[in-house]
Amino acid sequence: MRIGIITDLHYSMTRNTACPMRDGEKACVLLEAALKQLCSIAPDVLLVGGDLVNDPNEVGLLDTLAAILEKSPCPYIAIPGNHDPMPEVFYKHIPKVPEFLDISGIRILPFPEDAQTDGYNARRSEDSLKRQEQLSKGDFPCVSFQHVPLFPPGTMNSLYHYDNSEEIYSRCGDKMALTISGHFHFGCMPLCNASGFAVIAPALCERNYPFVLLELDNRACLLSYSIHYVGITDSID
């Protein structure tokens, strides 16, 4: 199974002078180019990991991105990040996320509703934990998909993280084979320990405009992790 990951576009109509590393005004061109490259890679699913726009009040920009995402070479799931409008607004413009998606014997569980907490961290509510437990029942591994990094406890909890990550992992037991997130723009190499495995994808809006491809076996064990870059062209610059 192949999973493409594009995250943190920070689409804006003008240059973000407060964060000059972000080329959010180029988000449409970057997304088009990334999808074109994904066509040749042929992933089974595309995960779009939040912060599609830079300003949550510019909701109309989501319509433009949604039209581009329709060209995805595979089914896609998009979740809101902390820069996006709240889910009830976000999903008026972006196709609504399913409760789960089963592909190649693996269940992907998206969590668009997790609340932001201090320090750009997040917390999974009791209702979402119960949903996680219920949807994890069965003879299949699960992949948890959220915007904020869900690091295995004891790895990088000093950085952007979930305030209740230990509870999230313990409530799912050994069914949570992998977590996939964005938010941390630099990304990081896959992290693992006895609790679980985490992939944090880098931001598409920062050079060299990266997106990620994962290949998993039918138990959601990571076979390969690769970063692909959108080529810098005259149309992008």
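At least 3 residues that are farther than 29 Å from Gln134 by Cβ and not aromatic (Phe, Trp, Tyr) in each: list the helices (runs of 4 or more DSSP H) lying fully within segment 21-117 that qualify.
Numbers: elements: 27-41, 60-69, 87-90.
Ranges flagged: 27-41, 60-69.
Among the numbered criteria (1) more than 30 Å from Glu32 (Cβ to Cβ); (2) in contact (Cβ under 8 Å) with a residue 40 or more places away in the chain; (3) among the small types (Gly, Ala, Ser), which single criterion is violated by Ala122?
Against the list (1) more than 30 Å from Glu32 (Cβ to Cβ); (2) in contact (Cβ under 8 Å) with a residue 40 or more places away in the chain; (3) among the small types (Gly, Ala, Ser), Ala122 comes up short only on (1).
Quick one: which of Ser144, Ser125 is polar (S, T, N, Q), closer than 16 Å to Gly182 by Cα and modelled with pLDDT of 95 or more? Give the steps one after another, and end with the answer.
Values: Ser125 fails: closer than 16 Å to Gly182 by Cα.
Just a single option satisfies the conditions, and that option is Ser144.
Consider Pro153 carefully, then state whether it is surrounded by fewer than 17 Cβ atoms within 10 Å (Cβ to Cβ) and either within 19 Å of the chain's Cα centre (by Cα) or of a type outside the set (Lys, Arg) (or both). Walk me through it before giving the result.
Working: surrounded by fewer than 17 Cβ atoms within 10 Å (Cβ to Cβ): no; either within 19 Å of the chain's Cα centre (by Cα) or of a type outside the set (Lys, Arg) (or both): yes.
Considered against the rule, which asks whether it is surrounded by fewer than 17 Cβ atoms within 10 Å (Cβ to Cβ) and either within 19 Å of the chain's Cα centre (by Cα) or of a type outside the set (Lys, Arg) (or both), Pro153 comes out as no.
How many of the residues in segment 46-89 are in contact with a Cys (Cβ under 7 Å, 6 or more places away or on another chain), surrounded by fewer than 22 Cβ atoms within 10 Å (Cβ to Cβ) and under 23 Å from Asn218 (Cα atoms)?
The qualifying residues number 1.
What number of residues within segment 168-211 are free of Cβ contacts under 8 Å to residues at least 24 places away in the same chain and crowded, with 18+ Cβ neighbours inside 10 Å?
Count: 1.
Determine the pairs where a residue that is closer than 16 Å to Gln132 by Cβ, located within segment 148-167, has a partner that is β-branched (Val, Ile, Thr) and in a loop (DSSP other than H, G, I, E, B) with Cβ atoms under 9 Å apart, the partner being 6 or more residues away or on another chain.
Tyr162/Val148
What residue, of Ser136, Ser158, is farther than 24 Å from Ala34 by Cα, at pLDDT below 95, surrounded by fewer than 18 Cβ atoms within 10 Å (Cβ to Cβ) and polar (S, T, N, Q)?
Ser158
The values are calculated or read from the model by the stated rules, or taken from the named source; none is laboratory data. Since we're looking at a predicted model, the values are computed, not measured. Because the Cβ atoms are built from the backbone with ideal geometry, glycine has one as well, and the counts that use them run over all protein chains shown.
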